[in-house]
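Written below as structure tokens is the structure these notes are about.
Each value in this text was obtained by applying a stated rule to the coordinates, not by laboratory testing. Predicted model, so just to flag it, every value in this text is computed and none were measured. Here the Cβ is made from the backbone with ideal geometry for all residues, glycine too, and neighbour counts use every protein chain on show.
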Amino acid sequence: MQKGFTLWFTGAKGSGKTDLAECVEGTMLERGMDVELLSEEILREDFATEQTSQDVLVKRAGAIANMLTRNNVPVIVAVNAQKAECRNEVREEIGQFVEVYCDNKTDSADFEKPEKAEVVVDPEADEELNCQTILRTVGLLGYLPDGTADSEYSEDEEEKIKKRLADLGYI
Amino acid sequence: MGFFSRKKKTQAKVMVVGLDGVPCSLLKTFINKGITPNIKRIIGDKLPLHMSVVYPEISAVSWPSFMTGRDPGGHGIFGFTDLLPNSYDMYFPNYTNLDAPTIWDRLGEMGKKSIVINQPSTYPAKKIEGALISGFVAVDIFKSVQPSKYMGQLKRMNYKVDIETDKARQDADFLFKELDKALKNREKALEIIKKKEDSWDYIELVVTGTDRLQHYQMDAIMDEKHERHQQAMDYYSKVDALIGRLYDGFCKETGTDGENFIMLSDHGFTEIRQEVYINSWLEENGYLSFEGDERTLANISPDSKAFSLDPGRIFIHREGRFPKGCVAEQFADSLRDEIQQKLKSLTFDGDPVIKDVFTPDQIYNGKHIGKAADLIAWAHYGFDLKSATTKGEIFRKTDLTGMHTQDDAFLWAGGDFADGVHITELADFIVGKFK
């Protein structure tokens, strides 16, 4: 059974959190994990109105991530959570929490750097390599299932293919 | 021209739109009847050409021939199904079995980036220079997308790699709804990926809904009085509208008149008159029998001389090639010739069924020619060759109304192509634009 955990991407605005989060999401999906992504865009579209403040949005992200995590759904969060206190509260609440700090080496007055992030990446570095670095840490912490996706057809896939070919009259 | 005023060479960009199974003859009818006004606008005076494809004329074989510029002897895929060596075990050749570089592989070597959407015969998806979403016979969305970073977005937009063919075959309303959804998804997927990729050099988008519609509703397409005729025409109009948007976007982005915009199909289509069960014919003519009640190739009797795989491929049951093979090498060719001649003389209501029966050396070239069947039959229009081993008549009809054709695919492209162009000519043509 897969384990729930929250993979929280932290960094100043424009530091590449969402792009990297999507890369990690894709790799997890490829491995057959039922992962969900809560990006700034998704949160704004589905869980907020124009009046929703950033602090409230971050709290909501934390609450949803908590719900998914405790139901064994891995969740990736990529939202502009500027305040360290906010992020630490979420960490305390959820427990199975891995923070990825996208350190673009700029000092932003609005962004409070994390004191302890499990992974620190340079968003200017190769995206694939960063993705692998993150997944290696997540794996070491025991959150990833074994093995990678098989490129050959499983029995179940073969049956689906047979059915589809038969539906179209090819076999 | 002054010393410093050399003309700057514009970087080539190419866009290809594939319409799976759309016959040239039908496309011309649509153009004349105003069903596809965008295609009419795009082509101007230059009508689409009739294009021939490989044998057998199915997407699993034809698209790889487009992608690689080689016939099955060169790329290694001879059908939707094939047999494991020295065995009767069937397997489904996939993208990992394709043994030749594709257009995008070659462009990748040149540092060019490709975005390929819904390309049949590219499952499971491999990493390419750019992005790839597999088409038919993809079954798992998470194995159909590279790079994987696009999987989440495709999952969230409920992207489907194919329509639900079982339900679509039974329920025409469902079919048309699914076709519409799929068409929108292909376009949206391209938009998402184009937005994320910082550049592109080659884009290819394949619409496979046309093939699905033609399999299930070819009678409705061909008969103006059919109750679903207009619904079918509406679908082609939607495909046409998509092509219009893609073309206009391409011209705008490239600042050209669309000279590198290409449209094609991978085979044609016609109405089914009869399905023709080759294994039943072999059985009736004493070449094939089964042991026990289960009529599968694994239960082929040791004295069987030949059997067939879809569509129209006949294998001599050779010693050494198959576990129970009984035909010694010195007799194989004469048996093959005998079956070839007999099959050519097959008729239905006095009409010839088989147009030709080829040996591999007549139609294939390349290192994989040894994997080919001993005979590859090509039927006249209306006769859909099948190789099911279920007991029954040679000639049968099911609810399927459309079948593939080999010589009525279409091509619309620049270059010096003429009617009768072959699908294997296109890969070099496209790659050549970037040299």
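Backbone geometry of the stretch B:342-357 corresponds, through the Karplus equation with coefficients 6.51, -1.76 and 1.60 at θ = phi - 60°, to 3J(HN,Hα) couplings of 5, 5, 5, 8, 5, 10, 9, 6, x, 9, x, 8, 9, 7, 6, 10 Hz, x marking Gly and Pro. To the nearest 500 deg cm²/dmol, what mean residue ellipticity at 222 nm is calculated for chain B from DSSP H runs of n ≥ 4 alone, each contributing -39,500 (n - 2.57), summed and divided by the residues? Result for chain B: -10500 deg cm²/dmol, rounded to the nearest 500. With point charges of +1 on the Cβ of Lys and Arg and -1 on the Cβ of Asp and Glu, referenced to the Cα centre of the protein assembly as shown, which listed residue (B:Gly76, B:Gly108, B:Leu385) lies farthest in the positive direction of the dipole? After comparing all options, I get B:Gly108. Which of A:Asn88, B:Ala60, A:Gly11 sits closest to the plus end of the dipole of the protein assembly as shown, meaning its Cα is farthest towards the positive end, when Lys and Arg get +1 and Asp and Glu get -1 on the C-beta? The residue sitting farthest along the positive end of the dipole is A:Gly11.
Between the stretch A:1-62 and the stretch B:408-435, the alpha-carbon centres lie 45 Å apart.
Taken over the alpha carbons of the protein assembly as shown as equal point scatterers, the Debye sum produces base-10 log I(q)/I(0) values at 0.07 Å⁻¹ of -0.51.
For chain B, the ratio of Cα radius of gyration to the globular rule of thumb 2.2 N^0.38 Å stands at 1.02.
Non-local lysine pairs in the stretch B:297-435, meaning eight or more places apart or on different chains, with alpha-carbon distances under 13 Å, amount to 4. Considering only alpha-carbon pairs that sit under 8 angstrom and 6 or more positions apart, the relative contact order computed for the stretch B:134-218 is 25 percent.
The label-point distance for B:Ala328 and B:Asp166, in a model that sets each label 7 Å from Cα toward Cβ, rounds to 4.9 nm. Its Cα centre serving as origin, the protein assembly as shown has a Cβ charge dipole (Lys and Arg +1, Asp and Glu -1) of approximately 1260 debye.
Taken over the stretch A:35-114, the ratio of Cα radius of gyration to 2.2 N^0.38 Å equals 1.08.
Using a Förster radius of 25 Å, what is the FRET efficiency between B:Asp428 and B:Asn97 based on their Cβ-Cβ separation? Nearest 0.05, please. Spell out each step's value before the answer.
Details: r = 22 Å, r/R0 = 0.89.
In this case the efficiency is close to 0.65.
A Förster distance of 30 Å, applied to the separation of the beta-carbon atoms of B:Asp337 and B:Lys367, puts the FRET efficiency at 0.75. Using a Gaussian network model of chain B in which every pair of alpha carbons under 10 angstrom is joined by a spring, one finds that among B:Thr389, B:Thr398, B:Thr296 the greatest mean-square fluctuation is at B:Thr398. Per residue of peptide A:25-33, the mean number of Cβ atoms on other chains within 10 Å of the residue Cβ is 6.
Roughly how compact is the stretch B:274-396, stated as its Cα Rg over 2.2 N^0.38 Å to two decimals?
Details: Rg = 13.9 Å, N = 123, 2.2 N^0.38 = 13.7 Å.
The stretch B:274-396 yields a ratio of 1.02.
The ellipsoid that matches the Cα gyration tensor of the stretch A:6-167 has semi-axes, each √(5λ) in whole angstrom, of 31, 18, 15, with the longest given first. For a paramagnetic label modelled on B:Phe417 (point 7 Å from Cα along Cα→Cβ), amide N atoms under 18 Å away belong, within the stretch B:230-258, to B:243-244, B:247, B:258. Projected label points at A:Thr49 and B:Glu294, each 7 Å from Cα along the beta carbon direction, are separated by 6.4 nanometres. For the residues of A:154-166, the average number of beta carbons from a partner chain within 10 Å of their own beta carbon is 5.
Converting phi to 3J(HN,Hα) with the Karplus coefficients 6.51, -1.76 and 1.60 and the offset θ = phi - 60°, the stretch A:44-55 yields 5, 6, 9, 10, 8, 10, 4, 7, 5, 6, 5, 4 Hz in sequence order, with x at every glycine or proline. Across the stretch B:48-60, computed HN-Hα scalar couplings (Karplus, 6.51 cos²θ - 1.76 cosθ + 1.60, θ = phi - 60°) run x, 8, 6, 10, 9, 10, 7, 10, x, 8, 10, 4, 4 Hz from first to last residue, x flagging Gly and Pro.
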